[in-house]
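The values are calculated or read from the model by the stated rules, or taken from the named source; none is laboratory data. Every value quoted in this text rests on a predicted model; they were computed, and no experiment measured them. Using ideal geometry, Cβ is built from the backbone for each residue, glycine included, and neighbour counts are taken over all protein chains shown. Keep in mind that these areas ignore ligands, DNA and RNA; they rest on the heavy atoms of the full protein, side chains included. Shrake-Rupley method; radii C 1.70, N 1.55, O 1.52, S 1.80 Å.
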Amino acid sequence: MRFAPPWRMSLAVRPPARSEPVASRRTGNEGLKPAAFLDRDGVVNHDDGFVIDPDRLRWIDGAAAAIGRLNAEGYLVFVISNQSGVARGLFTEADVEALHAFMRERLAQQGARIDDVRYCPYHPDGSVPAYCRPSDWRKPAPGMLTDLMRAWPVDRARSFLIGDRDTDLAAARAAGIPGFLFPGGDLLAFVDHCLAELARA
């Protein structure tokens, strides 16, 4: 993994290091790219309930091929995830970051690149005091998306989100981008469907 300078913590959590922070050298609309925001559990991997052990991770069918397709189409690919298990004391931020590093490595071995990741460890009903509060990074709030839009050269008008819950789509609406509800099955086929829908819009 490539590492970046320390993070500001004004919104919620210090996420995993960015691959290539660019906001500070972006001017106007030069070099803007469309972005695909992917929910993690239920879209990239099966939502088997607080997955944190790589041995328990079950990839969604077509996940690597779908991400590779988005890479080839010129999209920045971001993963965004509510991780209330941290607030509930089930695992730590270090555990979350280790799993994300594992996922990115395995995807890279198949020619698929995740450009950046955000997660929210907070929940108002948590049991760990440091994480027991509301957060504007927790979906349906759009904080994770808007932070990525500030950090990367995102063309909001050509970007979209894929999620498996209404809260994901609500976050997309709040961030001003289309959202698509993934019903399960093959993610590559669904990404192809989303790209076709966007082309017709």
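Observations, loosely collected:
- Comparing Cα centroids, the stretch 87-103 and the stretch 156-182 end up 24 angstrom apart.
- Expressed as a whole percent, the accessible surface of the chain that belongs to carbon and sulfur atoms is 51, based on a 1.4 Å probe.
- Per-residue Karplus couplings for the stretch 126-132, computed as 6.51 cos²θ - 1.76 cosθ + 1.60 with θ equal to phi - 60°, are listed in order as x, 10, 9, x, 5, 10, 8 Hz, Gly and Pro entered as x.
- A P(r) calculated from all alpha carbon pairs of the chain, with 5 Å bins opening at zero, reads 1, 8, 16, 21, 23, 18, 9, 4, 1, 0 percent.
- Summing charges over neighbours of Leu187, with a neighbour being any other residue whose Cβ is under 10 Å away from its Cβ, gives -2 when K and R count +1 and D and E count -1.
- Lys, Arg +1 and Asp, Glu -1 on Cβ, resulting dipole of the chain about Cα centre, debye, nearest 20: 700 debye
- A cut-off of 5 Å between modelled amide H atoms, ignoring neighbours fewer than 5 places along the same chain, links Ser81 with Arg118, Tyr119, Cys120.
- The chain, relative contact order [Cα under 8 Å, separation at least 6], %: 27 percent
- In sequence order, calculated HN-Hα J values of the stretch 30-35 (Karplus, 6.51, -1.76, 1.60; Hz; x Gly/Pro): 5, x, 5, 10, x, 10
- Taking Ala98, Ala172, Ala130 as the candidate residues, the one with maximal mean-square fluctuation in a Gaussian network model of the chain, Cα springs under 10 Å, is Ala130.
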